[in-house]
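Take a look at the structure below.
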Amino acid sequence: MTDKDSNILEQTRLEKLHRLRGAGIEPYPARSQVTHSTTSAMDQFLALENGTETGAEVEKAIVTLAGRLRSMRPMGKISFAHLEDGYGRLQIFLRVNDIGQEQMDLFSHELDLGDFIQVTGYIFRTKTGEATLYVQSFILLAKSILPLPPAKDEVVDGEIVRHATLTDPEVRYRQRYADLAVNPDTRRIFQLRAETVRALRRFLDQRDFIEVETPILQPIYGGAAARPFVTHHNQLKQDLFLRISFELYLKRLLVGGFERVYEIGRDFRNEGVSFKHNPEFTQLEYYQAYADYLKIMEQTEQMVAFVAQEVLGTTLVKFDGHEIELAPPWKRVEMRQGILDATGIDIHLHRDAASLKQALEARGIKHNPNATRGKLIDGLLSEYLEPTFIQPTFVYNYPRDISPLAKSMPGDPQTVERFEGYIGGMELCNAFTELNDPLDQEARFLEMGREYAADDEESNPLDEDYLRAMSYGMPPNGGFGMGVDRLVMLLAGVHSIREVILFPHLRNRDEA
RNA sequence: GGGCGAGUAGCUCAAUGGCAGAGCAGUGGCCUUUUAAGCCAUUUGUUGAGAGUUCGAUCCUCUCCUCGCUCACCA
């Protein structure tokens, strides 16, 4: 930062800091003696207040709290300020009669917005009725050198109206600490995120799933079609990939005898960035022995509705200008029928890529000439169906060649038992009846190797160890994967994945 | 990677081919129930970076950087 030493605001604060040190006051003491939070102090005060009949004196319960100075209104011989801690805000009140001129000057002249202080006193009500801490003593806990972005707010008819506030997305993402410090809405999103993850765990734990952790650094990546990040182990002289999914490891555990496993963790995909894509994102995957995709479909509706109810207290969410009802049952669209309705093309009448391309060309639908049949169908899904799925919708029965890990439908080898869940025009989850036939699985891997060009980085290397595991015998099972970030977007009602990731990936900033 | 938009004081934003402004924040003063406290005074700029056109560029042109939106990519 070039303006570091030229910024007069920082210089002023540094001078204050040096003056404090010179006066024997440590601006960063190691210890504090907090007895209450803003809310617990307030709760205690309200209880005392309510327990007191008219005419009786409210007992002056002495509390010590700590927090950050968020506003200051010095008025000569008295001073008001607001203190904010991790729970909320409380107004504090200082009077020269009680704390003395020296402390009063210290408060008015040497403290700044953003400083952490500890205050001791009792709560009373001001003329305007605001419960306020009457300060008997205070100490500085941490001096703030860099001024926080100002974020003033006032209360109008019970609504908080914010005036100057930090809105620049770049600063908000790069300096998330500052965003969190001044924007309560940002803090709320990440509290909601934590509650969402807890609720997901609760849902699965109640159903006898066990949570496991599988490798992030993998010698062979797989389980999804995505370009990986590559890294290197120096000592072992071995290239490693950051995982693009958990799938192949989790299903090895079914071979090992666990019947219900899940993992919540980070996936890494070396692909484009957008409002719904971050290079690293949080994924939930679970696998359940003796379940099929229809069972998983039902469970998905229940899980999402459960989480919404736990986190928001309702299954009705607002997203992107829409009211979305998450309670079951969700709409179900069979893929063939959905595409037929939307485009007039019956994919069952076009059993190979060439035939399907002809049909697309006849209707003037643009497409990638090198795509497989499955990719063409997937393109139709993304183009014509996905944006229309605002209310929760399952699309089911997918083409086999884009689903190498899913089991074919009885009597229709070109179609697999797979579904994806869409909400708000966004893919939320993906699940299928897992393929557990090692011979079929090997054939699929080889088939994929033929259909994808050799230089197509999405074509996964053949995972022979996975085939060996399956050869020992894998119970029939249903598997499920969901983007946790997207679920949080939905519940928080925000349109960008960056709003639900604390430190989203941004381009390098050249600080030359 | 392509297209569109944006970048001006610490923050939020004005302005004009001719001395770059306001509010807030800061600093000094007044103020014993304020709360976007108020009043008086006052400080703050490589106008994102670089180059070009021009007597003169924050403004026009080009290149670059960053952010946002969007398209492509993303079984």
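The values are calculated or read from the model by the stated rules, or taken from the named source; none is laboratory data. All of these numbers come straight from a predicted model, not from anything done at the bench. No Cβ is skipped: glycine too gets one built from the backbone with ideal geometry, and neighbour counts run over all protein chains shown. Surface accessibility is based on the protein's heavy atoms, side chains included, excluding ligands, DNA and RNA. Shrake-Rupley method; radii C 1.70, N 1.55, O 1.52, S 1.80 Å.
Quick notes on this structure:
- Hits among lysines - C-alpha to C-alpha of A:Lys16 under 26 Å, sequence gap 8 or more where chains match: A:Lys4, A:Lys77, A:Lys143, A:Lys152
- Contact order normalised by residue count of the range A:8-147, Cα under 8 Å, 6+ apart, percent: 28
- Once each of the GluC sites (Glu not before Pro) sitting in a DSSP loop with at most 14 other beta-carbon atoms within 10 Å is removed, chain A keeps A:272-456 as its longest stretch.
- Cα gyration tensor category, rounded, prolate or oblate, for the range A:263-322 with a/c compared to 1.5: oblate
- Along principal axes, Cα extents of the range A:8-147, largest first, whole Å: 53, 29, 23
- Rg/Rg_ref, chain A, where Rg_ref = 2.2 N^0.38 Å and atoms are Cα: 1.25
- Shape category assigned to the range A:167-245 from the gyration tensor of Cα positions, a/c cut at 1.5: oblate
- Antiparallel content of DSSP bridges confined to chain A, in %, to 5: 90
- Average accessible surface for chain A: 50 Å² per residue, computed with a 1.4 Å probe over protein heavy atoms with every protein chain in place.
- Where Rh is the Kirkwood radius over Cα pairs, Rg/Rh for the range A:213-283: 1.01
- Computed from backbone phi, the HN-Hα couplings of the range A:421-434 come to x, 10, 9, x, x, 10, 5, 9, 8, 8, 7, 7, 6, 6 Hz, rounded to whole numbers (Karplus: 6.51 cos²θ - 1.76 cosθ + 1.60, θ = phi - 60°; Gly and Pro given as x).
- 20 Å cut-off, amide nitrogen to a point 7 angstrom out along A:Ser382 Cα→Cβ, residues in the range A:259-280: A:267-280
- Contact order normalised by residue count of chain A, Cα under 8 Å, 6+ apart, percent: 12
- Counted by Cβ distance under 15 Å from A:Asp85, the other residues give a net charge of +1, where Lys and Arg count +1 and Asp and Glu count -1.
- Estimated inter-spin distance, A:Arg468 and A:Phe258, nm [label 7 Å along Cα→Cβ]: 2.0
- Surface share of carbon and sulfur [accessible, 1.4 angstrom probe, percent] for the range A:8-147: 54
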